[in-house]
Structure formats: structure tokens, C-alpha cells
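Down below is the structure, laid out as C-alpha cells.
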Amino acid sequence: MPLPDPPVALVDACSTIFNNTLYTYSESAFQSLPLVQGAQWSQLSSGQPVSGAVCVHATPTDDKSPAALYIVGGNTTNDNYQGLQRYLFLERRWETLNLSTAVTQNRLNHNAVYLN
């Protein structure tokens, strides 16, 4: 089964799978592809575009926090962006998270992990 080409090339993109759907994030686009025969790519709202960020998929074991894709760090021209946002899978929306200290603002060449 050949895969369809995404509308925006997957350059410097990170990805995750949630509920049998592949999600890809890059500075240029946020896209999804259901993992079923004959599926097509969809472009989704992108949140704050950043380059050089890392993706962290979080699926908490309690009901207090929703499953989300966190985008940590990266560069942007938006001076107010502190370097942390998340896409809530079930709500299909982005949230920018404000920190008491902007430790992730313009952070590059790093990694991140979610621990329950």
C-alpha cells in the first residue's frame, strides 16, 4: 500500500501516533493521517510556528490531564512565546503554556520526555 504524499513536505518534522492517526508537526505545518487504507492527509491549525523544537507525546494515566502533543522549545519571531505549547488531541485545539521562568524560550539542540 503506497502512502499518500502530505500537502506540506515533512522537513524538520516530528511525529506521533494517537488513536490510530499519525500527527506530524513542523514550522511549516501540522498535519494528520489516519492509519487506515485509502486515508488522506489533513492540514490542521498549527499553533505557534517554531523551528528546532521537539515533540513529546503525553498520555497521562489519570483523568486530570488530557492526552496531548507538547512542543518544547524552538525558535520563533514572537517574543512573547515562552517555548511551550500543546495540542489537545480530543479537543483538537492548541494551548500556549506560560511558565514562571521562560526556560524553554528559544531552546535548541535539546530533547524532552514525558514521565507519568
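Evaluating residue 105 against the criteria (1) in contact (Cβ under 8 Å) with a residue 24 or more places away in the chain; (2) touching a strand residue (DSSP E or B) at 6+ places or on another chain (Cβ under 8 Å) leaves one unmet condition, (2). For the stretch 60-105, the set of residues classified as under 15 Å from residue 18 (Cα atoms), of a type outside the set (Val, Ile, Thr) and either more than 15 Å from the chain's Cα centre (by Cα) or not in a loop (DSSP other than H, G, I, E, B) (or both) consists of 60, 68, 69, 70, 86, 87, 88, 93, listed by residue number.
Of all residues in the stretch 27-51, those satisfying the criterion of being open to solvent by less than 60 Å² (accessible area, probe 1.4 Å), outside any strand (DSSP E or B) and more than 14 Å from residue 85 (Cβ to Cβ) are 29, 39, 41.
Taking the stretch 1-26 only, how many residues are of a type in the set (A, V, I, L, M, F, W, C), over 14 Å from residue 71 (Cα atoms) and not in a loop (DSSP other than H, G, I, E, B)?
Adding up the residues that qualify gives 3.
The values are calculated or read from the model by the stated rules, or taken from the named source; none is laboratory data. Since the structure is predicted, the reported quantities are computational estimates derived from the model, not experimental observations. Positions of Cβ are backbone-derived with ideal geometry, glycine not excepted, and every protein chain shown enters the neighbour counts. When the accessible area is computed, the model is the full protein with side chains, heavy atoms only, and any ligands, DNA or RNA have been set aside. Shrake-Rupley method; radii C 1.70, N 1.55, O 1.52, S 1.80 Å.
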